[in-house]
Every structure is written in structure tokens, then in C-alpha cells.
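One structure is given below, encoded as C-alpha cells.
The values are calculated or read from the model by the stated rules, or taken from the named source; none is laboratory data. Everything numeric in this text was worked out from a predicted model, so none of it was measured. Every residue, glycine as well, gets a Cβ built from its backbone with ideal geometry; the counts of neighbours run over all protein chains shown.
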Amino acid sequence: MCGISGVVSFDKKTSVQKAIVTMNRAIAHRGPDGEGFVLINETETIPVFTEHTPKEITEHPADYCPKKHIGQCSDNYLMALGHRRLSIIDLAPGGHQPMCTEDGQLWITYNGEIYNYIELKEELNKLGHSFRTNSDTEVILHAYRQWGEDCLNKFNGMWAFVIYDKHRNKLFGARDRFGVKPFYYYFKNKLFCFASEQKALRALPEVETELNTSAAYDFFLHAELEYETAGFFKNIIELFPSTCFDFNLHTQELKIKQYYQLKTNRSFSTYNQKEFDSLKQEVSELFYKSVQLRLRSDVPVGSCLSGGIDSSAIVGAMNKINNGTENKINLFSAVFPQQSIDESKWAQMVVNTTRSTWHTTTPSSHELLNDLNDLIYSQDIPLWSTSTYAQYRVMKLAANNNIKVVLDGQGGDELFSGYLPYFAWYWGDLAANGQWGSLRKEMKSFSSLGKGINHFTREKLKHSISRGKFSFLKDFRNKELQYFHPDFIQQHRQHEVQRKQRIEDPETLNEKLLTEFCNTRLKGYLKCEDRCGMRWSVESRTPFADDIQLIERVFTIPGIYKMKNGTTKYLMREAVQQFLPKEIYARKDKMGYVTPNNKWLFEIKDELKPLIDDKLKDIIDTKKLLKDFDLLLSKNFSKENPFVFKALAFSIWRRSFKL
């Protein structure tokens, strides 16, 4: 839902009116249903409109609905807040933003959904608050008034918002716990500005930025995207999940604070069937409730469907919730007929079971070529692989079918242990606690004992290498190192030391899941989810990634219940079994948004080759890469080559943002 922006110019060298319009237009795709602003100085706070503000907004009597065009205002304002609206809850003009309290003391620009807003509204009503709208936006304003910063602990959902607190002369901003909704800011030379996407900040000529080569190093060498607050654009900072800020407009002091920290159960427990049965029932109920909450909407809600356990369980729960109604669920999938990666047979089972309406798309290599610039520009930063394109096309498909909201299964793997490498930590738990019989049985159930031991050894060795414990093997592991400019590698050797200090060293399965759930792997996936959806003005809701009751409970559960008998997501499978076709319940061949990466790149390699040019030579040995280009993209190359696509995506990204 929506896009937000804001600017404060203390020396008034920047026109806040011009800047806020520029930023808002850069993220217009996030909110095609309306545009609004509020201009602020020491004596006046005035909502204003543009030609993109619907007439019913300007005619609405609410005091935050604007009556004056921004072009009619003088250029003497200190600050402006901007908003682009995607109407989902409370479609009436009263849901317009920026919104204020009745006394005009609090103003908000907000992106997200607080799913428990109805319950919070009832609680606030009992405390003496009154409401003018049916929106969750107004609930946030009153929650902040009642509880201050502690209101964040009350919310179940996804959010990024900034509140102008007139009485305290400050801005208060916050981002949701796990990074479903984005937030970036810039603070330099008496200029503070923020936005939902980096491109909005990059659009301002006053914003001084260039390539952050440390981020490029982590991207190429470690496949890390935004693991640190300083990303690809120097001086443009990400407000990390679970953090909030106070910005004192008098002292010009910015204070960042972590308001939440997810905890996990680090202790070991032996498996108990009675305990497992109780946990299974509890998790099933929490999951069902999480889906039910995320169906709160004043527009139809569909779902993405891969045919895997996560998305299939969500659709199954949606179907049960809709039981007795004639509303068919709109489902959206990327399919690749006659290819080994195709999951359409699994998705078809879900469609048949739920009698849903199924929409499919089959992207091709030449469509990828045509969309590549837009895809990467929409993401703001380079991409890992072509799999993001499948997600991009699924969201476009939803938009083309007039669906504004979809549910998706992001977070299920990191929450419930869905990846094969997690077995290394699970077996490590057993070994560390002397459970040799269970360890042998579990490894044997991983197809064969020998295969299990090999997998365990390989994953633990990879873990040790990534932590620098066997640094002499690092260059051997990264065969693509030969394609980088030596000065680029040498320049960031010291960065490796800092990186090792930053990265936690998980020893147990639950610790590993916690590491990947918070500000690492999952956050990167959620970034792609948000940008792919919002590029097409589609809001994506992720029960596994932001339902706080479900997440906190699962992280208190011992790891012994999360994997069993060589099966990933054991607890989840059992908990959601009632929502799944039996064939999908038994699936072990995890895929996700898989694309025919090598096939695509081979088919369009001649068109891609010119992207490897001198603009990359400060990082990549372009001569060597061009020499080997045809070999690296050969149709006989059986394994996916992530380095080549990353180099191509990085080249397009630099061109798009003129870096």
C-alpha cells in the first residue's frame, strides 16, 4: 500500500515544494489512486494538492483534505510530507494522506497495513479516543498519541511511516519488525529527506551520492544485498527493520533506536510426540488466524501460487475462510510447460481442490530482454538472478486482472526450516547433544547415510569458509574471482575483516533461522517482493514474514520439531496438512520462483554482450569476461552461472542510475 516521502531543508537552499513533488513522482507506481502533500513551517501547516489528487479529495470537508494547489503556495516552507495512495482499506476520501488528528497536532504519511487495526480501534475507543474514518492510518495516529513509541509493540502487520509531532517539534518514524515495507533516508548538508524507494532520493539533484563499492563487493563476492544500512548508493541509508527514529527539528539531531529484537529458543529438547501434537495444533491455529487477518480489505484479495507448501497452504486457508461464499479466489502463477522446473501440475492440484480462478504467465527470454531495464530500475539495486523476473510477471498478471492485493508465502522457509542446508545445523544440534542414534537415523533418512554425511560435511565446510575460518579456500571457492579487477579485490580486503565481525556465527538450527530471518536473506527476498508488487501497484501480504504472534511462537519452539525424517518444514507440514492436497503435503522437491536462467541467457547472449563494457572496468576485468562470455553462457553449461547475470544486472543498474 502506497509510497511515502518527506523533506526538511534547514538552510532553505532546497525548495521543499519542488523536492517533494519530484520524490513523489518517482514513486507514483506505488500509489496510482491519489497524491497528497502537507507543507510545514514555524507558523503554518497546510495540506495541498496537485493535478494527480482526485477531485473528491479536494471537495471532502476533512481538514487534512487539501483545498489549495501546491503551485499557489509561497516558497518559504521548512518541511513537506508527501504520499501516493493505493486505496485498499477505507476507500472513501477520508482515507486520504497525509492525515492529521482533529487538533492538527499530529500528521502522518504511512505505507503498509496494520491488520489488527479493528481490535486496536476498539481498545482506543475504550480509552476515550474517537475516530473520523475507518482507516488503519487514523488508528496509528491515535495509538501514537496514547502510547508514544510503545505503540509499535501493539501493531501486527507491515509498516513504514513518519509522524510530524507538532507539539514536540519532531519527526517520529518507524519501520516494521522484519522489513516487509521499505524506508530510506538521506541526511547531509542541512537536508534531511526520506522515501519508500532509493530512486526518489536519487531524483533530487541536492542529494550527493555515488556508487558504494563496499556494497558492490558484498553483492559479487557474497551474494549479499542490503545486509548493511549503507547500501549501493553512498549517503542513502536504509532504516533497518525493527528500528525507529526521532528527528528533533530544533536541534537537527537524528536518533536511531532498535525498538524490537526477535528472540529464539537456543536450548535443546528431545523429541516428544505428545508435545509435538500440541505444538502442531497451536501453530495451525496461529497460521489460520494470520491468513484471516490478512484478508481484511475493501478490495478483492488474491494469492500468488507456486505449487509449493507455503503458497498452497495459504490458498487452502483462504478457501476454508471463504467457505460458504461464492467468491472464487484469483490465483497467479508463472509456469514453464515442458520444462523440468515447471510446477504447474502442483499448482493445478490446488486450483482443482479450491475451485479457484487460475491465471498463468509464461515469461520468455526475449520478454526478459525487453523488460530488463524496467525490472532492474524498479528494484533500485542489482539482482541476484532471473528468478525475480518470474515474480515481476506474476505481479503484473495480478494487476492486469484488477487485483490490488495478493498473499504470498515469503518467510515460510526461514521460519520453518525450508532449505536443505538447514539439515547441517539440525544434525549439528543432535551431535552436540549426544543424540547419536537419532543423528544416524536422520542422516539415513536423507536418502542414504553416505549422502547425509557428505551433505553435512559440505555445508559445515561452506559455513566455515564463509566465516573466514579457512580463508585459504576462499579464492578456490570463488572461481569467478579471476574476472574481478585486482585493485577492487585488494581495496576491500579490510572490509572482509569488518564483515566477519558483523556476521553472527550460529551454532544451532534456531540460531541459523534467526540469522536468516532478521536483516539478511529474508529481508532481501522481501525487498524483491515489495518492488515487484508495487511496480504494478499491487500490495503483497506475507503472513509468514510479519504476523508477530505466529513468528514469535515458532521461534520459541525447539529445533527438534522443525525437521524430521529427512523432511524440511516438518512442523509446518503437519500443522497445515488440512489445507493441502495430499500430494503437495508430501512434496520434497522445493523450487520456488525458479526460471530457466541458463536457457534464457544463452538465447539472448548476443544482445546482452554489449553490456560488458568499459563502465565496469573499475570492478571487472571486462576483457577477460568478454573473452569467456560465450563459454560461460554456453547451452551446455549445466549449472546456473550467477556471476554472469549479476555482472549484467550491475551494468544495467549503473546505466539506469547514471553511476
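Structure above, values below:
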quantity: Region 297-308 residues that are farther than 13 Å from Leu407 by Cβ, paired with ones that are hydroxyl-bearing (Ser, Thr, Tyr) and buried (at least 24 other Cβ atoms within 10 Å of the Cβ) (beta carbon under 9 Å, 6 or more apart); calculated: Gly307/Ser333
quantity: Qualifying residue in region 315-325 (condition: touching a residue at least 12 places away in the same chain (Cβ under 8 Å) and more than 21 Å from Val299 (Cα to Cα)); calculated: no
quantity: One residue from Asp429, Asp371, Asp380 being among the charged types (D, E, K, R), surrounded by 22 or more Cβ atoms within 10 Å (Cβ to Cβ) and within 28 Å of Phe219 (Cβ to Cβ); calculated: Asp380
quantity: Evaluation of His29 against (1) without any contact (Cβ under 8 Å) to a residue 24 or more places away in the chain; (2) over 20 Å from Leu171 (Cβ atoms) (one fails), failing number; calculated: (1)
quantity: Every residue from region 115-143 that is in contact (Cβ under 8 Å) with a residue 40 or more places away in the chain, polar (S, T, N, Q) and outside any helix (DSSP H, G or I); calculated: Asn116, Thr133, Asn134, Ser135
quantity: Selection status of Thr357, surrounded by fewer than 20 Cβ atoms within 10 Å (Cβ to Cβ) and either outside the structural domain of Tyr185 (by TED's automatic domain parsing) or closer than 30 Å to Ser87 by Cβ (or both); calculated: yes
quantity: In region 295-346, residue surrounded by the fewest Cβ atoms within 10 Å (Cβ to Cβ) [restricted to those that are among the charged types (D, E, K, R) and within 19 Å of Asp589 (Cα to Cα)]; calculated: Lys345
quantity: Residue within region 643-659 that is more than 26 Å from Glu210 (Cβ to Cβ) and out of contact with any His (no Cβ under 7 Å at 6 or more places or on another chain) present; calculated: no
quantity: Index of the failed condition, Ser214 passing every other in (1) over 21 Å from the mean Cα position of the chain (by Cα); (2) at pLDDT below 95; (3) surrounded by fewer than 16 Cβ atoms within 10 Å (Cβ to Cβ); calculated: (3)
quantity: Selection status of Lys635, over 30 Å from Leu514 (Cα atoms), assigned to a loop (DSSP other than H, G, I, E, B) and in contact (Cβ under 8 Å) with a residue 24 or more places away in the chain; calculated: yes
quantity: Filter result (closer than 13 Å to Glu574 by Cβ and out of contact with any Phe, Trp or Tyr (no Cβ under 9 Å at 6 or more places or on another chain)) within region 257-282; calculated: Gln273, Asp277, Ser278, Gln281, Glu282
quantity: Matching option when the condition is out of contact with any Pro (no Cβ under 6 Å at 6 or more places or on another chain) and under 28 Å from Ser297 (Cβ atoms), among His60, His29; calculated: His29
quantity: Any hit, region 521-538, residues being at pLDDT below 90 and either not acidic (Asp, Glu) or not in a strand (DSSP E or B) (or both); calculated: no
quantity: Selection count where residues are farther than 29 Å from Gly428 by Cβ, polar (S, T, N, Q) and outside any helix (DSSP H, G or I), scope region 547-602; calculated: 1
quantity: Filtered residues of region 117-153 (kept if surrounded by 20 or more Cβ atoms within 10 Å (Cβ to Cβ) and either within 24 Å of the chain's Cα centre (by Cα) or β-branched (Val, Ile, Thr) (or both)); calculated: Tyr117, Ser135, Asp136, Thr137, Val139, Ile140, Cys151, Leu152
quantity: Selection within region 249-294 - part of a loop (DSSP other than H, G, I, E, B), buried (at least 17 other Cβ atoms within 10 Å of the Cβ) and hydrophobic (A, V, I, L, M, F, W, C); calculated: Leu249, Phe268
quantity: All positions within region 49-100 that are of a type outside the set (Ser, Thr, Tyr), buried (at least 21 other Cβ atoms within 10 Å of the Cβ) and over 30 Å from the mean Cα position of the chain (by Cα); calculated: Phe49, Ile57, Pro66, Ile70
quantity: Tally of residues being surrounded by 14 or more Cβ atoms within 10 Å (Cβ to Cβ) and more than 30 Å from the chain's Cα centre (by Cα) across region 635-659; calculated: 1
quantity: Matching residues, region 551-566, being buried (at least 16 other Cβ atoms within 10 Å of the Cβ) and over 26 Å from the mean Cα position of the chain (by Cα); calculated: Pro558, Ile560, Tyr561, Lys564, Gly566
quantity: Qualifying residue in region 532-540 (condition: closer than 27 Å to Thr270 by Cβ and not basic (Lys, Arg)); calculated: no
quantity: Unique match (being outside the structural domain of Gly157 (by TED's automatic domain parsing) and crowded, with 21+ Cβ neighbours inside 10 Å) among Leu225, Leu221; calculated: Leu225
